[in-house]
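First the structure, in the form of structure tokens, and then the observations on it.
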Amino acid sequence: GESVGLHLPTLSVQEGDNSIINCAYSNSASDYFIWYKQESGKGPQFIIDIRSNMDKRQGQRVTVLLNKTVKHLSLQIAATQPGDSAVYFCAERPTGGKLQFGAGTQVVVTP
Amino acid sequence: DTAVSQTPKYLVTQMGNDKSIKCEQNLGHDTMYWYKQDSKKFLKIMFSYNNKELIINETVPNRFSPKSPDKAHLNLHINSLELGDSAVYFCASSLRTEQYFGPGTRLTVT
């Protein structure tokens, strides 16, 4: 499954499939990007980050891709599990500035 | 446990009241933040303190007053509560870039 934009869409993914969550950021001066996961009733939790001198970074079951040309960031989750159901936020930080969050994407994992 | 903690977790109060939310971190971080998350899940920064000094103060009504007695604590006091203040308030802390969030305080103003 795949989602686009900074509004709060819902991405429905079947368990075991790969998920792609997209984020269009606004500031070409941003040099640091981060993905957070927020489960229901909890605070946002760090997933993975990437600096602007990289275009790809991998973690455990997650990959972040950065395309500075089109100001696009994506989070790929491999083999999505029920525990991946949450709201996912991208955030950007301009050089010397403060972290700014996107609106989030609700991921729902179906059996 | 090392973490960012907030109290209370839920706060229900009437319009016009004054209330406080407390935040503590035992991560040894020097920067702390308050965020407001609205019903659409949008996270907006309100304040940031670095070593007890205010470094970010977004356009927030002056009814909101943060206080940092030491670098492990950042409290938020809200005067004359309004209906529009209903939201989830998150405290966070950081050492460099990654921010660690508390569990949130759900404030409901009736």
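The values are calculated or read from the model by the stated rules, or taken from the named source; none is laboratory data. Everything quoted here is computed from the prediction, not taken from an experiment. Note: ideal-geometry Cβ built from the backbone for every residue, glycine included; neighbour counts use all protein chains shown. Only protein heavy atoms, including side chains, enter the accessible area calculation; ligands, DNA and RNA are left aside. Shrake-Rupley method; radii C 1.70, N 1.55, O 1.52, S 1.80 Å.
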Taking Cα pairs closer than 8 Å and at least 6 residues apart, the relative contact order of chain A in percent is 36 percent
In segment B:1-108, which trypsin sites (Lys or Arg not before Pro) are in a loop and have at most 10 other Cβ atoms within 10 Å, using DSSP for the loop call?
B:40, B:96
Hey, could you grab the Kirkwood Rh for segment B:1-70? Inverse mean 1/r over distinct alpha carbon pairs, Å, one decimal.
13.7 Å
Total charge of the residues flanking residue A:109 in space, meaning their Cβ is under 10 Å from its Cβ, with Lys and Arg +1 and Asp and Glu -1, is -3
If you take every DSSP beta bridge whose two residues both sit in segment B:4-109, what share of them, in percent to the nearest 5, is antiparallel?
90 percent
For chain A: span of alpha carbons on each principal axis (Å, largest first)
42, 26, 22
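Determine Rg/Rh for the protein assembly as shown; Rg is computed over alpha-carbon atoms and Rh is the Kirkwood hydrodynamic estimate from the same atoms.
Radius of gyration relative to Kirkwood radius: 0.98.
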Rounded to the nearest 10 Å², the accessible area of residue B:15 using a 1.4 Å probe with every protein chain kept is 110 Å²
10 Å Cβ neighbours from other chains, averaged over peptide A:95-101:
4
Cβ-based net charge around residue A:27, under 10 Å, with every Lys or Arg adding one and every Asp or Glu removing one:
0
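Considering every residue in A:25-37, what mean count of other chain Cβ atoms within 10 Å of its Cβ is obtained?
That average works out to 1.
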Using only Cα atoms, locate the centre of segment B:1-69 and the centre of segment A:50-111, then give the distance between them in Å, rounded to an integer.
25 Å
Cross-link table A:68/B:9; A:56/B:52; A:71/B:40; A:71/B:19; B:19/B:41; A:71/B:67, entries beyond 30 Å C-alpha to C-alpha
A:68/B:9; A:56/B:52; A:71/B:19; A:71/B:67
Charge sum, other residues only, whose C-beta stays under 13 Å from residue B:37's C-beta, Lys/Arg counted +1 and Asp/Glu -1:
+4
How crowded by other chains is B:91-98, given as the mean number of beta carbons from other chains within 10 Å of each beta carbon?
2
Using a basic spin-label model with each label point 7 Å from the Cα along Cα→Cβ, how many nm lie between residue A:27 and residue A:108?
3.4 nm
Note down the nm distance, to one decimal, between modelled labels 7 Å out along Cα→Cβ at residue A:55 and at residue B:15.
5.5 nm
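Sorted by accessible area with a 1.4 angstrom probe, largest first, how do B:58, A:15 fall? Display every interim value, and only then the final one.
Details: B:58 50, A:15 95 Å².
Sorted by accessible area, descending: A:15, B:58.
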